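Right, one structure below, let's go through it.
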Amino acid sequence: MDGRFVGYVSRHDRMHGFLCRVLAEPMGVHQAHPAFRAFRLSGSNEVYGYEEKFSDTKLICKFFGPRFGRDRDRAAWTAAREYGSYQTLRRYALVGSPHHVIRPLAFDRDINCVLALEYYGGELLSDAISRAIRDGDTGHLFWRLTALAYYLATQHNRTVDGTAVDFTADCSYLDVQLRILRDVGRIGQWDTDELRWLCGLWADRPRMWEDQQVWLHGDATPANFLFGGGLDVGAIDLERMKRGDRMFDVGRVAGELQHAYMQGTHDPYRAEPFIGHFLWEYSCHFPDRDAAFASISRRLPYYMALNLLRVARNDYIPRDYGGRLVAQAKELLRAS
Ligand SMILES: Nc1ncnc2c1ncn2[C@@H]1O[C@H](COP(=O)(O)OP(=O)(O)O)[C@@H](O)[C@H]1O
Ligand SMILES: [Mg+2]
């Protein structure tokens, strides 16, 4: 189990009882005297990995309570929504190898709104990106991006339902990012006006309205995909799953690659071969690969910009780097 070992769960802790129940019922593991080691994992929620010492069984618990403070109803609603999202996607046969949406195991509102999840052993995309930037292991990252493109194209293509995308939803999303950036003082009125105007140009382009809605992962960042052997991919963190334009996910992956290279090498263009590879691999899951690639590439700048702006608003981003992200987003939005 990755993460920082924080100790054994006390037998007198309510969590111990919860873990015993999850182990016995959904997981079917029967131990007379189970003992659980706990590991703190990183995430915006409090996420822990647990390992039962005798059977070596692993599971993940995500606590929604701390993030929402006293608003227990909102925490419970968010956890229930994530639980339901795993169930929804798993119904599209995204179970097993190579494409696996992890299985939700249990929920308990009274233990800090904890959601228990199946453990998926594998490498995070963020680790593969770091290896490429730090050690020059680019072949490995290309391979992981092939696997991720296959996973996302499969999820998207299986969940098309004939409803047209609504680009106004993605314009509103951009507007929310601008408002936050403005409120935290990362952009001024001049930037806001310019970015809004650029966004308006995209809304006038018919291509932004022509695709059909799919189920989106909704937060396709490098910490939310795990990779096993071959082309195996495990999808986690479906808290923000929603219906929408596939480009929302595709653009987030591309935008995150650009952000990683901007941060790691100060050169956004070093991400280009990886972005191009990812798009080309994603496109091969369509009957006409060239047409799919052209269509995706022409819509991509908007969605990449959206992601860079989303990253720029975070307080862990230094101010000068935040400014570079905003400048890069503008450059992307200026594409015609
Ligand atoms: N099912 C899982 N199997 C293995 N690791 C997991 C699993 N779920 C979460 N993790 C690890 O915990 C981290 C945070 O979990 P995540 O669900 O993404 O929470 P957050 O909403 O806080 O980002 C992930 O980036 C991953 O490293
Ligand atoms: Mg996450």
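The values are calculated or read from the model by the stated rules, or taken from the named source; none is laboratory data. These figures come from a predicted structure and were not determined experimentally. Ideal geometry is used to build each Cβ from the backbone, glycine not excepted, and the neighbour counts take in all protein chains shown.
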message: If a residue counts only when it is of a type in the set (Gly, Ala, Ser) and either surrounded by fewer than 21 Cβ atoms within 10 Å (Cβ to Cβ) or within 15 Å of ligand 1 (Cβ to nearest atom) (or both), which strands (runs of 3 or more DSSP E) contained entirely in region 205-265 have at least 2 such residues?
response: 233-235
- prompt: Conditions: (1) surrounded by 13 or more Cβ atoms within 10 Å (Cβ to Cβ); (2) more than 16 Å from ligand 2 (Cβ to nearest atom); (3) modelled with pLDDT of 95 or more; (4) within 27 Å of the chain's Cα centre (by Cα). Residue 53 meets all but one. Number of the miss?
  reply: (4)
Contacts under 6 angstrom Cβ, first residue in region 33-50 being of a type in the set (S, T, N, Q), partner within 10 Å of ligand 2 (Cβ to nearest atom) and part of a strand (DSSP E or B), 6 or more apart: 45/62
- prompt: Which of (1) crowded, with 16+ Cβ neighbours inside 10 Å; (2) among the small types (Gly, Ala, Ser); (3) modelled with pLDDT under 95 is the odd one out, the single condition residue 32 does not satisfy?
  reply: (1)
query: Looking only at region 19-35, which residues are closer than 29 Å to residue 69 by Cβ and within 16 Å of ligand 1 (Cβ to nearest atom)?
result: 19, 22
task: Hey, could you check region 309-335 for residues that are touching a residue at least 40 places away in the same chain (Cβ under 8 Å) and assigned to a loop (DSSP other than H, G, I, E, B) and say which is surrounded by the fewest Cβ atoms within 10 Å (Cβ to Cβ)?
output: 315
- prompt: Within the set of pairs 6 or more residues apart or between chains, which connect a residue that is of a type in the set (Gly, Ala, Ser) inside region 286-300 to a residue that is in a helix (DSSP H, G or I) and at pLDDT 95 or above with Cβ atoms less than 8 Å apart?
  reply: 292/282; 292/283; 295/207; 297/279
query: Does region 91-108 include one or more residues that are of a type in the set (Ser, Thr, Tyr) and either modelled with pLDDT of 95 or more or more than 16 Å from ligand 1 (Cβ to nearest atom) (or both)?
result: yes
